[in-house]
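The values are calculated or read from the model by the stated rules, or taken from the named source; none is laboratory data. What you see is a predicted model, and the numbers here were worked out from it, not measured in a lab. Positions of Cβ are backbone-derived with ideal geometry, glycine not excepted, and every protein chain shown enters the neighbour counts.
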Amino acid sequence: MFKNVFTSTALYSLASILPAIIGFLLLPVYLNILSVEQYGIYALINSFSAILGVVMGLKLESAYRVYYFDYSYEIEREKYFQTLFTSILVISSIISILIMVFGESIFDVAFGTGVNFFPYGLLSVVNIFIGSMNILYAIDCQNRENRKEYLWYSLTASAITICLQYIGIVLLGFGILSFFVALLVTGCVQLIYIVYKGKFKIRKIDNSMLRTSLKYTLPLIPFLFLLTAEQQLDRFFLKKYHTLELLGIYALLLTTGGIFSTIINSLDNAVRPRLFTSLKNKESEHNITYYQVIYVGVALLVVLSVMTLAFILPYWINNPKYFTLIKSIPLFGMSIIPLVYVRYFALLFSYKKDSANLTLISFLKLLVLVPVFYLLVPSYGIDGILLSLFIANVVNTSVFYWLIKHKHKLNVRPTYDLMINFGFCAALFIYWTQF
């Protein structure tokens, strides 16, 4: 059982981390061509894309992750898949048109001067629109544990994207526009492939299936919006109180953090089917607890790895402007350790379909994060961002832990497991004070 979890994690990670490694190797090339300010603009557009992705398609693909396992027969699963695809296509089309109409005004309010909706924002809208449909096929591969197909599908898309980005930035000199055009071409190729395989077909929507899905996803959207907002809020505060150059420097740290997120997403995808099946079959709490041991153990190794990468990156790029990041690495590690537990606890909440409390938890975290950002970011810049994230993540972990133990009555590892890792955080903080 646990061997299969590691196998799935390795395969899903390969599909995600291999492109990230290639991107990491190309980063010095790109950042010696792109200015620090351009990289800052790229980070802001990515924030816009992340927030837009929350509402695009009303996150109906999230329902497919959960309700797929409620259908035992293939004909029911196929009907559910086509119902969600048709619904996503219609809903995403409406949302995309609205964003295109009001995009310039949204950018003026959100980013102020220096960042325009056209062409970057427009391309982001189109990319998110296509991606909202394509991701349904990737989730279908994960749910069916069709690892080879998922691996081929993902790696091919990554290869196309990386090649086009390199051509656009290095050979043609199109700057950050190359990132968005490459994603557009890749998304179109993926969509054509899925249609060719006969997976995407516009069918009559089963209203019962759609209502069940929306009952799950609509309460989830405020949670995901709040979660995404707090994940992207750091960029807005740095832009507000500091310069695009400092934001560009911070974006390099975000690149390293993206590797952490990529592997943790793969870990989620590997653990989720077996964890949910164990919970559904009411297997022994001993087995379920071991999923947490595996999850946390792998995730903490990832934390140490990305911290090491964060130390290496400035030297790899060999741009003196990025050397200022070195002193922030301990705080970076400290800020993401509590996030490991948040991610695992969120999996358990997902199984319980407790989207209402997920929203409440995210709102509470945002209530903590915003005033701490206002307090620390103007004076401490990047370090203020990382300290704020640590404080908010600790609060988040504590609330999750209490609700899982006392509301959902699920077996999770005891408190000392958390305390050991918070002790590690304290050591990192002490180390940071020596700079």
Select the helices (runs of 4 or more DSSP H) contained entirely in the range 327-410, then report the ones holding at least 3 residues which are over 20 Å from the mean Cα position of the chain (by Cα) and within 17 Å of Gln292 (Cβ to Cβ).
382-406
Which residue, of Leu89, Leu98, Leu123, is part of a helix (DSSP H, G or I), under 25 Å from Tyr39 (Cβ atoms) and in the same structural domain as Phe180 (by TED's automatic domain parsing)?
Leu123
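Please determine whether any residue of the range 144-162 is aromatic (Phe, Trp, Tyr), surrounded by fewer than 21 Cβ atoms within 10 Å (Cβ to Cβ) and in the same structural domain as Lys199 (by TED's automatic domain parsing).
Yes - at least one qualifying residue is present in the range 144-162.
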Taking the options Ile128, Ile139, Ile97, name whichever one is β-branched (Val, Ile, Thr) and surrounded by fewer than 15 Cβ atoms within 10 Å (Cβ to Cβ).
Ile97
Top-ranked residue of the range 63-87 - restricted to ones that are of a type in the set (Phe, Trp, Tyr) and buried (at least 20 other Cβ atoms within 10 Å of the Cβ), ranked as farthest from Ser278 (Cα to Cα)
Phe85
Can you name every residue in the range 104-122 that is surrounded by 19 or more Cβ atoms within 10 Å (Cβ to Cβ) and closer than 19 Å to Met56 by Cα?
Phe107, Phe117, Tyr120, Gly121
For Arg144, all conditions in the list (1) under 19 Å from Gln82 (Cβ atoms); (2) modelled with pLDDT of 90 or more hold save one; what is the number of the exception?
(2)
Would you check if there is a residue in the range 188-203 being of a type outside the set (Phe, Trp, Tyr) and within 30 Å of Lys352 (Cβ to Cβ)?
yes
From the option list Val395, Val296, single residue qualifying as more than 27 Å from Glu37 (Cβ to Cβ) and touching a residue at least 60 places away in the same chain (Cβ under 8 Å) is Val296
Could you check the range 195-214 and list, in sequence order, the residues that are in a helix (DSSP H, G or I) and touching a Lys or Arg at 6+ places or on another chain (Cβ under 9 Å)?
Val195, Met209
Quick check on the range 258-273: of everything there that is surrounded by fewer than 20 Cβ atoms within 10 Å (Cβ to Cβ) and not hydroxyl-bearing (Ser, Thr, Tyr), which residue is nearest to Ala346 (Cα to Cα)?
Asn265
State whether one or more residues within the range 53-72 are in the same structural domain as Ser208 (by TED's automatic domain parsing), modelled with pLDDT under 90, more than 30 Å from Leu238 (Cα to Cα) and out of contact with any helix residue (DSSP H, G or I) (no Cβ under 7 Å at 6 or more places or on another chain).
yes
At pLDDT 90 or above, among the aromatic types (Phe, Trp, Tyr) and buried (at least 16 other Cβ atoms within 10 Å of the Cβ) - does that describe any residue in the range 210-221?
no
